[in-house]
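Before any comments, here is the structure.
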Amino acid sequence: ITGGEPLVAKRTRELLRRFDVDRYPDGGIVITTNGLLLGRSMIRDIRRSRLLRIIVSLNAASAPTYRHVTGVDGFDKVLGNLRHLMDELPSFSLRPDVVMSFVIMASTYREIPDFLDIAAGLRTGVQLLPMVGTMNDESLFTSPEGLHALDEMLKERVLPRAASWPAPFR
């Protein structure tokens with residue numbers, strides 16, 4: 001379930017609650033959300049659903065960058081929701097994978113190391129996605145200079161930190 005923010009739609013909650021596991025025993029749901037509405041009541045509603053994976057698009061490792069990318073002041077709220085979700089996972093019918101997602105852009109790529117530290121601390125998975133296209137000159141993947149800058153940052157700031165992350169996360 002993706003596109004826009006699926007947790008805004010009341011029917012999404014209904015779908016998550018009513019997924020017929022007897023009719024579709026091998027079925028499951030993956031949802032992509034910005035995490036702003038993934039609060040305590042939502043977690044309570046989806047705890048018994050057939051969720052296989054919850055992807056939270058954070059795309060930043062600081063409140064100012066989050067605000068720049070999303071136009072919303074919600075970084076701390078999303079992190080709080082993620083912490084609560086991770087604490088509640090043992091009570092889920094199925095234990096879904098929780099993945100934090102980050103779109104790599106010219107204005108955000110320097111935060112990848114801190115983003116990875118946050119994900120490791122929360123014990124979530126990570127999804128790093130390239131910015132597609134050339135919108136606002138944000139793609140690092142359309143020029144040799146952009147790719148070189150990303151490569152250098154990864155070598156200097158990510159690889160040295162990797163040893164401190166939990167083995168499955170590395």
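The values are calculated or read from the model by the stated rules, or taken from the named source; none is laboratory data. Owing to the predicted nature of the structure, the values given are computational and were not obtained by experimental measurement. All Cβ positions, even for glycine, are placed from backbone atoms using ideal geometry, and neighbour counts span all protein chains on display. These accessible areas exclude ligands, DNA and RNA; they are computed on the full protein's heavy atoms, side chains included. Shrake-Rupley method; radii C 1.70, N 1.55, O 1.52, S 1.80 Å.
Compute the Cα gyration tensor for the stretch 1-69, then decide on rounded, prolate or oblate, letting a ≥ b ≥ c be the square roots of its eigenvalues: rounded whenever a/c is under 1.5, prolate when a/b is larger than b/c in the other cases, and oblate in all that remain. Since a/c reaches 1.5 and a/b is larger than b/c, the shape of the stretch 1-69 is classed as prolate. Between 0 and 90 degrees, the angle of helix 112-122 with respect to the longest Cα principal axis of the chain falls at about 30 degrees.
Distances longer than 11 Å among the Cα atoms of the stretch 110-160: what percent of all pairs is that?
Here the tail beyond 11 Å accounts for 72 percent of pairs.
Less than 5 angstrom separates the built amide H of Gln127 from those of Met100, Ser101, Phe102, all sequence-distant by 5 or more or on a different chain.
Per residue, the solvent-accessible area of the stretch 1-77 (1.4 Å probe, heavy atoms of protein chains only, all protein chains present) comes to 59 Å². Oblate is the label for the stretch 85-170, because a/c, from the alpha-carbon gyration tensor with a ≥ b ≥ c as root eigenvalues, is 1.5 or above and a/b does not exceed b/c. For the chain, the percent of C-alpha pairs falling in each 10 Å distance bin, counted from 0 to the bin holding the largest distance, reads 10, 35, 33, 17, 5, 0. With respect to the chain, whose longest principal axis is taken over its alpha-carbon atoms, helix 144-153 is tilted by about 70°.
Using only alpha carbon pairs under 8 Å that are at least six residues apart, calculate the relative contact order of the stretch 9-150 and give it in whole percent.
Numbers: 217 pairs, mean separation 29.8, N = 142.
The value is 21 percent.
If you take all other residues with their beta carbon under 15 Å from the beta carbon of Ala60, and give Lys and Arg +1 and Asp and Glu -1, the sum is -3. Ranking Val69, Met86, Gly121 by how far each Cα lies toward the positive end of the dipole of the chain (charges on Cβ) leaves Met86 at the top.
Take every DSSP beta bridge with both residues inside the chain and express the antiparallel ones as a percent of the total, to the nearest 5.
On the way: 0 of 16 bridges.
Close to 0 percent.
Rg and Dmax of the stretch 71-117, based on Cα coordinates, read 13.3, 40 Å. Answer rounded, prolate or oblate for the stretch 41-114, using the Cα gyration tensor with square roots of eigenvalues a ≥ b ≥ c: rounded when a/c is under 1.5, else prolate when a/b is larger than b/c, else oblate. Since a/c reaches 1.5 and a/b is larger than b/c, the shape of the stretch 41-114 is classed as prolate. For the chain, the longest principal axis of the Cα atoms and the long axis of helix 75-88 meet at an angle of about 50 degrees.
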